[in-house]
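Visitor: My structure is below; once you've seen it, I'll send some questions.
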Amino acid sequence: MEFETMKDPRNLGDTPAEEFRKQLHELADWVADFRENIESLRVAPNEKPGAVRAQLPAQPPEDGEPFEKILSDVDRLIVPGMVHWSHPMFLGYFGWTTTAPGILGEIITAPLNVNAMTWRTCPAATELETVVIDWLRQWLGLPGEFGGVVYDTASVGIMHALAVAREQAGPSTRKLGLTNRDLPRFRIYTSDQAHSAAEKAAITLGIGEENVVRVSSDDEFRMNVALLRETIAQDRQQGFQPMAVVTTVGTTSTSSVDAIPEIATICREEKMWLHIDGAYGGAFAMLPEYKWVSKGWEMADSIVINPHKTLFVPLDFSVLYVRDLERLRRVFTLVPEVLRGDTIEGEKNYMDYGIQLGRRFRALKAWVIWRSLGRAGIVSRLREQIRLANLLADWITTDNRFELAAPVSMGVVCFRFVGVVAGVGDAGPGSATPATEESIDNLNSELVEQINASGRAYLTQTKLRGRTVMRIGLGNVLTTEEHLRKAWELIRETADALSPT
Ligand SMILES: Cc1ncc(COP(=O)(O)O)c(C=O)c1O
């Protein structure tokens, strides 16, 4: 029996083929139009929390609705309520990784919709995952003894890496847990610039947030290695067991790079796990002129890279590499009876390498985008981000009302508006009080807020050495020099309006 539409009450199955084909064509146009016209949208909404929810029915639908109506509601209710990360004037965080081939990769993945938990449940998903992980390893110049696994995010990757570190520091923790055993308190060291994912991992693993020790960074926002050494020695004296150091290649605020070789030497001497968080910056090792960021990687125990931040793979796609991947498998392998038959044969069952059982076929979208761009296409796009970041830095340094707040690294620029005239001080406009650092902090914060509220561009703010600074991240392939120039003009105009000379 053939049904013409989804609305036919006798149809208990899927959308009829012809109707589906029509919808797909309509959707293809919608996707192409969205991408082509993205610049006409506001970058971000300027509504109060709850504005989107207020327009949506609180009750779930009783009867099915036509796709056309749902799609028109996407245009009417969802698109205006979004921050458009793919907009060329979105300059927040690390820029963004949307590309047309990446979108195609996501679209191909949707109808396949498999569970990549074991080799048998989908050989192609498992084997392609192994292949793309190894392509990336080769691009990064990582030795062959590193094997990897794809997770959703770097935070999850770091948690898994530190679980292996914990097992190494306290054997049988997997089996017996941490309590009621004669174990010392484990310590994890990371810099004051590192991502909070280390604390999240410590919370999850029962190590405790307070056992993540933040080591101060130097003038260039890199972990102070002498201080790390001292802190470890003091901790040992007090009976703690130093377990791991989490270093960063490309810190979240300034993209600074820790001195991996020196820290690796300490880790070897102290028998500690060395993790490298290269979530953002690790991928720059693909550029010969940035090869220095990967110095010492061969001494690491684990490295996390987020292709969804830097290598044009749509969110989410993060790779954890572990030297001797078997160490990770031993901590997490556990085969439920129902899957025993599925695991008899197989090259690799990725469910053994983490807490997740069900896993998306993430490798496909990486394969599509990496084949579409090739190494050369990726490298030239990364170089363009670096060129734009340095160009912006030049503009900043030639305007004496602004100053760079950190060395420019990769695609990230941190800067501060400092050209505050006397009279706009703590007591507000017209007061004779000279501006304080706090009032300059407030101005910088207000600048970012106003620009984001304008819908014309989107920046982020961060704190460096306790001071508020503005931050721009480049990475979006749609962001050209012209967009950056427009953003810089907007920043200057907004600064003028906030602090007139
Ligand atoms: C250096 C660094 N590490 C880790 C993370 C966490 O990444 P994810 O969102 O993939 O967990 C971030 C996020 O910005 C980051 O900048």
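The values are calculated or read from the model by the stated rules, or taken from the named source; none is laboratory data. Since this is a predicted model, take the numbers as computed values, not measurements. Every residue, glycine among them, receives a Cβ derived from its backbone with ideal geometry; neighbour counts consider all protein chains shown.
Visitor: Looking only at segment 205-220, how many residues end up being surrounded by 15 or more Cβ atoms within 10 Å (Cβ to Cβ) and part of a helix (DSSP H, G or I)?
Guide: 1
Visitor: Let me ask another. Quick one: in segment 312-337, which of the residues that are buried (at least 24 other Cβ atoms within 10 Å of the Cβ) and not aromatic (Phe, Trp, Tyr) is nearest to the ligand (Cβ to nearest atom)?
Guide: Ser318
Visitor: Look at segment 135-174 and say how many of its residues are more than 16 Å from the ligand (Cβ to nearest atom) and closer than 19 Å to Gly206 by Cα.
Guide: So the answer is 11.
Visitor: What's the number of the only condition in (1) surrounded by 14 or more Cβ atoms within 10 Å (Cβ to Cβ); (2) within 26 Å of Leu392 (Cβ to Cβ); (3) modelled with pLDDT under 95 that Asn46 fails to meet?
Guide: Here Asn46 clears every test but (1).
Visitor: Restricting segment 77-96 to residues that are away from the ligand (no atom under 16 Å from the Cβ) and assigned to a loop (DSSP other than H, G, I, E, B), which is nearest to the chain's Cα centre (by Cα)?
Guide: Looking at the filtered set, the residue picked out is Ser86.
Visitor: Suppose we filter segment 97-117 for residues that are closer than 28 Å to Ile355 by Cα and part of a loop (DSSP other than H, G, I, E, B); how many remain?
Guide: Total meeting the criteria: 6.
Visitor: Scan Leu357, Leu392 and give me the residue that is touching a helix residue (DSSP H, G or I) at 6+ places or on another chain (Cβ under 8 Å) and buried (at least 17 other Cβ atoms within 10 Å of the Cβ).
Guide: The match here is Leu392.
Visitor: Go through segment 402-429 and give me each residue that's of a type outside the set (A, V, I, L, M, F, W, C) and at pLDDT below 95.
Guide: Hits for segment 402-429 are Ser409, Gly419, Gly423, Gly425, Asp426, Gly428, Pro429.
Visitor: Is one or more of the residues making up segment 24-38 in a loop (DSSP other than H, G, I, E, B), of a type in the set (Phe, Trp, Tyr) and surrounded by 11 or more Cβ atoms within 10 Å (Cβ to Cβ)?
Guide: no
Visitor: Give the residues of segment 270-289 that are within 16 Å of the ligand (Cβ to nearest atom) and surrounded by fewer than 24 Cβ atoms within 10 Å (Cβ to Cβ), sorted by residue number.
Guide: Ala285 - this is the single residue of segment 270-289 that is within 16 Å of the ligand (Cβ to nearest atom) and surrounded by fewer than 24 Cβ atoms within 10 Å (Cβ to Cβ).
Visitor: Within segment 180-203, can you find the residues that are touching a Leu at 6+ places or on another chain (Cβ under 9 Å), part of a helix (DSSP H, G or I) and within 14 Å of the ligand (Cβ to nearest atom)?
Guide: Residues satisfying the conditions are Ala198, Ala201.
Visitor: Here is a further query. Could you tell me which of the residues Ser196, Ser172, Ser191 is within 29 Å of Thr310 (Cα to Cα), loosely packed, with under 15 Cβ neighbours inside 10 Å and of a type in the set (S, T, N, Q)?
Guide: Checking each option against the conditions leaves just Ser196.
Visitor: Within segment 153-167, identify whether any single residue is within 20 Å of Trp273 (Cα to Cα) and assigned to a loop (DSSP other than H, G, I, E, B), and answer yes or no.
Guide: Looking for residues that are within 20 Å of Trp273 (Cα to Cα) and assigned to a loop (DSSP other than H, G, I, E, B), one finds none in segment 153-167, hence no.
Visitor: Ok, one more. Given the condition over 18 Å from Gln193 (Cβ atoms) and not in a helix (DSSP H, G or I), answer yes or no: does some residue in segment 257-269 qualify?
Guide: No, every residue in segment 257-269 fails to be over 18 Å from Gln193 (Cβ atoms) and not in a helix (DSSP H, G or I).
Visitor: Next up: Return a yes/no flag: does segment 292-299 have any residue that is within 15 Å of the ligand (Cβ to nearest atom), charged (D, E, K, R) and assigned to a loop (DSSP other than H, G, I, E, B).
Guide: No, segment 292-299 contains no residue that is within 15 Å of the ligand (Cβ to nearest atom), charged (D, E, K, R) and assigned to a loop (DSSP other than H, G, I, E, B).
Visitor: So, one more: When only residues in segment 254-269 that are under 28 Å from Gly475 (Cβ atoms) and surrounded by fewer than 19 Cβ atoms within 10 Å (Cβ to Cβ) count, which is farthest from the chain's Cα centre (by Cα)?
Guide: The residue in question is Pro261.
Visitor: Could we say that Val131 is among the aliphatic types (A, V, I, L, M), more than 16 Å from the ligand (Cβ to nearest atom), exposed (fewer than 15 other Cβ atoms within 10 Å of the Cβ) and at pLDDT 95 or above here?
Guide: yes
Visitor: Still on this structure, please answer the following. Which residues, counting only those in segment 462-491, are touching a helix residue (DSSP H, G or I) at 6+ places or on another chain (Cβ under 9 Å) and part of a helix (DSSP H, G or I)?
Guide: Hits for segment 462-491 are Glu481, His483, Leu484, Arg485, Ala487, Trp488, Leu490, Ile491.
Visitor: Further, regarding this structure: Right, Ala125: among the small types (Gly, Ala, Ser) and more than 16 Å from the ligand (Cβ to nearest atom) or not?
Guide: For Ala125, the condition - among the small types (Gly, Ala, Ser) and more than 16 Å from the ligand (Cβ to nearest atom) - is met.
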